[in-house]
1. Is it true that Gly215 is modelled with pLDDT of 95 or more, of a type in the set (Gly, Ala, Ser) and in contact with a strand residue (DSSP E or B) (Cβ under 6 Å, 6 or more places away or on another chain)?
2. State the number of residues belonging to segment 129-176 that are of a type in the set (A, V, I, L, M, F, W, C), closer than 24 Å to Thr73 by Cα and open to solvent by 10 Å² or more (accessible area, probe 1.4 Å).
3. Exactly one of these conditions fails for Asp252: (1) within 24 Å of Asp294 (Cβ to Cβ); (2) free of Cβ contacts under 8 Å to residues at least 60 places away in the same chain. Give me its number.
4. Would you call Asn213 of a type in the set (S, T, N, Q) and over 18 Å from the mean Cα position of the chain (by Cα)?
5. Restricting to segment 182-198, name every residue that is surrounded by fewer than 18 Cβ atoms within 10 Å (Cβ to Cβ) and touching a residue at least 24 places away in the same chain (Cβ under 8 Å).
6. What are the residues in segment 359-374 that are over 14 Å from Gly43 (Cβ atoms) and open to solvent by less than 20 Å² (accessible area, probe 1.4 Å), if any?
7. Restricting attention to segment 107-124, which residues are over 23 Å from Lys72 (Cβ atoms) and within 15 Å of the chain's Cα centre (by Cα)?
8. Among the listed residues Ala326, Ala350, Ala356, Ala320, identify the single one that is open to solvent by 30 Å² or more (accessible area, probe 1.4 Å) and either modelled with pLDDT of 95 or more or in contact with a helix residue (DSSP H, G or I) (Cβ under 9 Å, 6 or more places away or on another chain) (or both).
Amino acid sequence: MVSTRWGGLAARAVFIMSTHFTERATKASYSSDALAGVKALQGWSDSNTLSIASIISNTYTNAQSTSATAQKTISTTGRITSTYSFQANSKQDELGIRGFSGFINNFYDDEGWWALALVRSWDLTHDPGYLDMAERIFDDMRNGTDSTCGGGIWWSKDRKYKNAIANELYLTVAASLANRVPSSDKSRYLKIAMDEWAWFKKSGMINADNLINDGLTLNADGTCVNNKMQTWSYNQGVILGGLVELSTATGDPSYLSQAVSIAKAAITALSDENGIIHEIDNCDSGKEPDCGDDGSQFKGIFVRNLHYLFGAVPQDAFRATILNNADSIWTKNRNSKNQLGLVWTGPPEAGNGPTAGTHSSALDVLVAALAVAS
């Protein structure tokens, strides 16, 4: 296997998997850091005086307040560019009210993100409206499935591409709902989740290194094969949370074993010689800050789901990865306003940041560190 700019994969695996804990911040310190990060994030919005429950409710209402159009393009290297057109409204700024009625748009991955956010909102508030909306969104997602490539969900309603993230979200939402809806409805969601995972692991998107490439190429003869596009960090992450939910729903620990294999492969592939996670090094320009606006979120999504996996399988290697990255973010990637940048080894200004996107991604790591710290 060839080396990368961070050294040989084998050498990095030895370092990462043998990490021992020495001087670590206390749980109280991680709590303080995470709280400061949350307050800094609220500085990008008008919600700094609202309670968490009020922020969720405010977002829930305003995010779907009017129609908007989403457009996404994908380059030959797998980089995604998203643009949104919003209806003008004289009572608002020049962009108008940003929203999608019922959280529905042309892309099934967008819908999946909203459904998961609403599931987590229900976890916190137990407001039945959030879980009901997650189910409504999932009903629309189900319309995106068919037998092309043997199953799975399309990326968009144009039905031109079946990719990892849309299918991982479809699996995760189904399994999450199975764990939360009344018992009489559980079997329906559980069957969908189990069938989706059975298809996904045979689809070809998981490569020989236990990493997940971006999607599938549909050949002229109807066969589908791994397109060998990027192994984005978020594609290695969402599947972990989905498998944790599926294991919980079924009581079957084999799903966790599969998640552990993917997580270990991802940590090895994404980490530098000091255990700090970077996005893949083959973006369009070969530099992490040029992975696109969407890409600023990817690493945080991976660590968030690694944290979920740690809750089910508390391995030292997972804790080490989370804490190493949290420590680096707070000491090297934070400006005087406690804003967090894109590259977790710093400086915070890399990639024209910090932005709300880079900050929220890094904040996922601080929250995870608080959860796993002893």
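1. So Gly215 fits the description; yes.
2. Residues that pass the stated criteria total 3.
3. Result: Asp252 fails condition (1) only.
4. no
5. Listed by number, the residues that qualify are Lys186, Asp195.
6. Ser361, Ala362, Val365, Leu366, Ala368, Ala369, Val372, Ala373
7. Once the filter is applied, which keeps residues that are over 23 Å from Lys72 (Cβ atoms) and within 15 Å of the chain's Cα centre (by Cα), segment 107-124 yields Val119, Arg120.
8. Working: Ala326 fails: open to solvent by 30 Å² or more (accessible area, probe 1.4 Å); Ala350 fails: open to solvent by 30 Å² or more (accessible area, probe 1.4 Å); Ala320 fails: open to solvent by 30 Å² or more (accessible area, probe 1.4 Å).
The match here is Ala356.
The values are calculated or read from the model by the stated rules, or taken from the named source; none is laboratory data. Remember, it's a predicted structure, so these values are computed and weren't measured experimentally. Here Cβ is always computed from backbone atoms with ideal geometry, including for glycine, and neighbour counts include all displayed protein chains. These accessible areas exclude ligands, DNA and RNA; they are computed on the full protein's heavy atoms, side chains included. Shrake-Rupley method; radii C 1.70, N 1.55, O 1.52, S 1.80 Å.
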